Amino acid sequence: MLPLQIDATGGGPLAIVVTFLLVAAFYAATLHLAATFFIGDVQSQRAAYVAPAPALASLLLQQWGVRGFGPFSPSLAAGVAILAILAADAIAISYIYRLQWSSALPLTLLHFGFAAVLGVALNNIFGLL
């Protein structure tokens with residue numbers, strides 16, 4: 001007899017909303033750090049306005065790195081998903097911070113770096129991933 005697998009979150013709408021809010025808060029915090037480093041003194045509300053775009057993109061595309069997509073292997077699909085998330089982030093940063101592409105693209109890459117480093121650090125501390 002196979003053991004029952006019980007999902008701790010239940011996978012319902014509440015779990016999706018809470019996950020989205022946590023991911024958006026993480027992206028907002030790392031974007032504010034990156035923007036403060038890159039631009040200088042900026043309002044933290046701008047990072048909160050940008051954060052839902054990459055959070056929504058990452059939640060919608062997260063399964064690509066696990067299962068792959070169409071002709072793409074999981075590794076290639078994860079790369080495509082990351083590029084799509086970076087594009088959503090760059091568009092939102094350019095619009096909300098009122099930056100031209102020559103400034104929005106480096107800030108996007110810096111945000112990606114801050115998020116990656118902080119994500120790895122938190123994973124090493126808490127072992128959540």
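Within segment 98-129, the set of residues being closer than 14 Å to L33 by Cα and hydroxyl-bearing (S, T, Y) comprises T108 only. Within segment 73-94, residues that are touching a residue at least 12 places away in the same chain (Cβ under 8 Å) and on the phi < 0 side of the Ramachandran plot reach partners that are charged (D, E, K, R) and part of a helix (DSSP H, G or I) with beta carbons closer than 8 Å, at six or more positions or on different chains, in the pairs A77/R67. Hey, does segment 55-67 have a residue that's within 14 Å of the chain's Cα centre (by Cα) and of a type in the set (D, E, K, R)? Looking through segment 55-67, none of the residues is within 14 Å of the chain's Cα centre (by Cα) and of a type in the set (D, E, K, R).
Applying the set (1) touching a residue at least 12 places away in the same chain (Cβ under 8 Å); (2) touching a helix residue (DSSP H, G or I) at 6+ places or on another chain (Cβ under 6 Å) to F69 leaves exactly one unmet item: (1).
All of the numbers you see were taken from the coordinates with simple rules; none came from a lab. This structure is a prediction, so every number in the text was calculated from the model and none was measured. Glycine also receives a Cβ, built like all others from the backbone with ideal geometry; neighbour counts cover every protein chain displayed.
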